[in-house]
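The values are calculated or read from the model by the stated rules, or taken from the named source; none is laboratory data. All values reported here derive from a predicted model rather than from experimental measurement. Quick reminder, even Gly has a Cβ in these numbers, built from the backbone with ideal geometry, and neighbours come from all protein chains shown. Ligands, DNA and RNA are excluded from the accessible area calculation, which covers all protein heavy atoms including side chains. Shrake-Rupley method; radii C 1.70, N 1.55, O 1.52, S 1.80 Å.
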Amino acid sequence: MESGQSLLLSNLLRYFTHRDSISLFLGLTAVVAILFVVFGQSTQVLHSTSQSTALSAIAQVAIATLSGFAFLLVSRVLLYLVSRRGKFQFSGVAIWLAVELIGGVAILTLIVWALSGGGKVSLPPLVGDILLYVIAIEVVPYVVSFLYFLLCEERAEVANLRMQLTKLAVDDSNGAGIINFYDKGKRLAFATQNDNILYIEAADNYANIHYINEGKEDCFILHNSMKEIEKNYSSRGLLRCHRGYMVNAANVKMLRKENSMLMLELKLIAKSIPVSKTYEENVMKCFEDSDQ
């Protein structure tokens, strides 16, 4: 089974080699490049071209940018085709993008150098300017693409959770011992085996459902009131014992007195739940009835 980190990298790999993602990146890059040329940001970055006599700096950059975009387009199309041929490791994509950056900078540098009269421009500072120019253009498309990837991951996780909850709801209708919790909007929000529930704790307009998940205590925050939970789930063995607590009666191992207050000890975790005077009689009756 893939770890969370390797699964994320695997999904990221599939995302960056997917046709729609490549189209999004190329489209964003084209828009940013056009804005740079139109608003003159390119001439500020490529100050080395000020020595040009044949063409204006902005004309040089416009021609170079078009050539660089054509190179980027070819590179991403090839990346898509290669990735479709077989398994492509994440490291392979990273190397491809690094080579793409170096190749793009080299091509842009040679084009601008040639358009500006060759020997009239010193290559070392021009290479630095071109590198800054390429990074300035591509940083926004990369950031937006990555944020969109994270949004897609979040949507996929939510969809998967909904599918699991729906499956649990179906299982419950077949008598599989599943307990379903609904929020204030009557939407299914959480489901688990009835025996997994430990206790429920009030938290203003929310309720913290403490349950067993893979052998350890976990908590789910449900947007619903204790009053509604008590009304709907008392028949499932959830017992109101305090203004701020309900317990799963099946998971209570001991009932004891402590400083004149009744306490409930849970089976699966080291937790004592208080029983207030208001609910003491009902709690006692519940355990007396179960003994008969």
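At a glance:
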item: Subset tally (residues that are in contact (Cβ under 8 Å) with a residue 40 or more places away in the chain and open to solvent by 50 Å² or more (accessible area, probe 1.4 Å)) for segment 19-29; result: 2
item: Test set (1) exposed (fewer than 14 other Cβ atoms within 10 Å of the Cβ); (2) part of a strand (DSSP E or B) - MET246 fails condition number; result: (1)
item: Residue that is nearest to the chain's Cα centre (by Cα), among those in segment 249-279 that are open to solvent by less than 20 Å² (accessible area, probe 1.4 Å) and β-branched (Val, Ile, Thr); result: ILE273
item: Looking only at segment 189-226, and only at residues there that are assigned to a strand (DSSP E or B), of a type outside the set (A, V, I, L, M, F, W, C) and under 22 Å from ALA159 (Cα atoms), the one that is least open to solvent (accessible area, probe 1.4 Å); result: THR192
item: Residue satisfying condition, being within 15 Å of LEU108 (Cα to Cα) and either open to solvent by less than 30 Å² (accessible area, probe 1.4 Å) or modelled with pLDDT of 85 or more (or both), within set VAL37, VAL77, VAL32, VAL82; result: VAL37
item: Filtered residues of segment 227-243 (kept if open to solvent by less than 30 Å² (accessible area, probe 1.4 Å) and modelled with pLDDT of 90 or more); result: ILE229, LEU238, LEU239, ARG240, CYS241
item: Pair list, Cβ < 6 Å and 6+ apart or interchain, from segment 202-216 residues that are at pLDDT 90 or above to residues that are in a loop (DSSP other than H, G, I, E, B) and open to solvent by less than 70 Å² (accessible area, probe 1.4 Å); result: ALA202/GLY244; ALA207/ASN224
item: Count - residues of segment 263-281 that are outside any strand (DSSP E or B) and either β-branched (Val, Ile, Thr) or free of Cβ contacts under 8 Å to residues at least 60 places away in the same chain (or both); result: 9
